[in-house]
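What follows is a short report on a single structure.
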2 protein chains.
Amino acid sequence: MKPALFEDKPVRFPITDVNGGPLKPLTQVLIDRRATSHFKSDPVPDEYVEAILRFGLQAPSGYNLQPWRFLVVREMENRLRLQKAALDQPKVGEAPVIIVAFAIKDDWKNYVDAIFQEGVRRGAGKADQVEKIKEMAIDFLDEFPSAVWLNRHTMIALTTMMLVAEAYGLDTAPMEGFDPGAVIEEFGLPKESEIIALLAIGFAKEPEKAYGGRLALSEIVYREKFGRNWVSQEDGTAEVAPEKAEKVAEEDTTINPSAQDR
Amino acid sequence: MKPALFEDKPVRFPITDVNGGPLKPLTQVLIDRRATSHFKSDPVPDEYVEAILRFGLQAPSGYNLQPWRFLVVREMENRLRLQKAALDQPKVGEAPVIIVAFAIKDDWKNYVDAIFQEGVRRGAGKADQVEKIKEMAIDFLDEFPSAVWLNRHTMIALTTMMLVAEAYGLDTAPMEGFDPGAVIEEFGLPKESEIIALLAIGFAKEPEKAYGGRLALSEIVYREKFGRNWVSQEDGTAEVAPEKAEKVAEEDTTINPSAQDR
């Protein structure tokens, strides 16, 4: 029997983390997550790999077109081939699971009718509007640089997979260092594929990489208009003047021993 | 006092959802999440907006460069201006919080030195390698189409914000329908900004949009090489032949009443 083209929401999936404990709240997951540099060889159980994929596929997409595609590489020989195509990063060969996130230019056009029809069947659209919405979608997407749209969408699903893996007590490393042509060649992907990112999943080897800090909300978040910098409730500092953005550009272009104290 | 350029991991943030209950596991969040079509006017408390932003900023990025920037629009008048720039979608005017995710071409270059230096200070890099890694990063990024790289990264942070908001019991709607030039003009963003997505956050008006289904793992996930389709443990169907990808292309380009049963 041919498998179904569509799936429902996940029903069967692990309800504990890989250690048998309850899942941490997402807030704690985000505090604990680090990009892992080195992995142990301990395998990731099949049911976790499957759940990570299935939950990732629940991500939203424009017109539900789901342009993301994934290649899961678990066999050692293949991971080593992937490592070579990925700037020889050791974690690619070390991690028991690597997900290659990619997209195939225009492949969404092969699915658009089936997706809209499935939507109608599930009450998410009206039959007599399918053709009109399809035209709108095609007009919208044909004006778009394809690579941007594919990257934008695929990262929603891949980020979801990363966070689900972390919530399940696994460690992850997202990667953008690879030779797209080599990945396409090595794994027989269509030539028009956009290779978007790799995600390594497994168990981190200690020690984990130190936390590098994050640009402050007051630096990169604006309120109501550009230049009106975010003021956190926590520090209660005065609002920052609009000209700040320009100033930073001048101040930060050299290594400045005092910059860290700002 | 000038605010600090860098922040630590979140320390103070709401530990219950907006109804005072415990946060759902991420798995449940993903099952429950729907793209919201209409919002009530109920406000999102400040501390939740701040937590959503701060947790989003914990997302990983290449070389920790964090090229994402965010504009938070909450004032009614501004939401209505944004709605006009966003194909007049009513949810933009309805939702009490809209986050505009954007990036400024080359703005990361203004921060690269400070970021690497902060990394050294926190033990995430070695002082004598900063210059070498900086050169590597600049070489890598200069070869890249800037819009692709900015979109790819910014969606990691925005997806994180979406899921944190959902975990806090809020409803969200990610949007890609807008006129980037109009958004830039209306909110005084730099001309070289890439407007990447909007995220509406608030409380959904019932009824929520029906679930449109998802393309099956066996359709868009491959094992070890392209064409070797994923076989779920759940359905136990036989492995699908490599030529399937081509076949689907032929079958799905017309609306086919039986397609939904595949």
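The values are calculated or read from the model by the stated rules, or taken from the named source; none is laboratory data. Worth saying up front: this structure is predicted, and the values here are computed from it rather than measured. Ideal geometry is used to build each Cβ from the backbone, glycine not excepted, and the neighbour counts take in all protein chains shown. Areas reflect the complete protein model, heavy atoms only, side chains present, ligands, DNA and RNA absent. Shrake-Rupley method; radii C 1.70, N 1.55, O 1.52, S 1.80 Å.
Counting the residues of the range B:205-231 that are charged (D, E, K, R) and facing chain A (nearest Cβ under 7 Å) gives 6. Candidates in the range B:11-29 are the residues that are facing chain A (nearest Cβ under 7 Å) and part of a loop (DSSP other than H, G, I, E, B); of these, the one that is surrounded by the fewest Cβ atoms within 10 Å (Cβ to Cβ) is B:Arg12.
The single condition among (1) on the phi > 0 side of the Ramachandran plot; (2) surrounded by fewer than 19 Cβ atoms within 10 Å (Cβ to Cβ) that A:Asn64 does not meet is (2). When A:Asn110 is tested against (1) more than 21 Å from A:Phe144 (Cβ to Cβ); (2) of a type in the set (S, T, N, Q); (3) more than 19 Å from the chain's Cα centre (by Cα), exactly one condition is not met: (1).
Being under 21 Å from the mean Cα position of the chain (by Cα), more than 7 Å from every other protein chain (Cβ to nearest Cβ) and closer than 30 Å to A:Arg54 by Cα, is that true of even one residue in the range B:1-10? No, the range B:1-10 contains no residue that is under 21 Å from the mean Cα position of the chain (by Cα), more than 7 Å from every other protein chain (Cβ to nearest Cβ) and closer than 30 Å to A:Arg54 by Cα.
Listed here are the residues, each with its yes/no results for (1) within 8 Å of chain B (Cβ to nearest Cβ); (2) hydrophobic (A, V, I, L, M, F, W, C).
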site: A:Tyr63; (1), (2): no, no
site: A:Val72; (1), (2): yes, yes
site: A:Glu75; (1), (2): yes, no
site: A:Arg79; (1), (2): no, no
site: A:Gln83; (1), (2): no, no
site: A:Lys91; (1), (2): no, no
site: A:Glu94; (1), (2): no, no
site: A:Val97; (1), (2): no, yes
site: A:Val100; (1), (2): no, yes
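A quick yes/no check of all residues on (1) farther than 18 Å from B:Ile195 by Cα; (2) surrounded by 23 or more Cβ atoms within 10 Å (Cβ to Cβ):
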| site | (1), (2) |
| --- | --- |
| B:Gln83 | no, no |
| B:Asp88 | no, no |
| B:Ile98 | no, yes |
| B:Lys105 | no, no |
| B:Tyr111 | yes, yes |
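Every condition in (1) at pLDDT 95 or above; (2) not in a strand (DSSP E or B) is met by B:Ile201 except one, and the failing one is (2).
Residues in the range B:184-201 that are within 18 Å of the chain's Cα centre (by Cα) and of a type in the set (A, V, I, L, M) were compared, and the one that is farthest from B:Trp149 (Cα to Cα) is B:Ile201.
Looking only at residues in the range B:42-56 that are in contact with a helix residue (DSSP H, G or I) (Cβ under 7 Å, 6 or more places away or on another chain) and within 15 Å of A:Asn229 (Cα to Cα), the one that is least open to solvent (accessible area, probe 1.4 Å) is B:Leu53.
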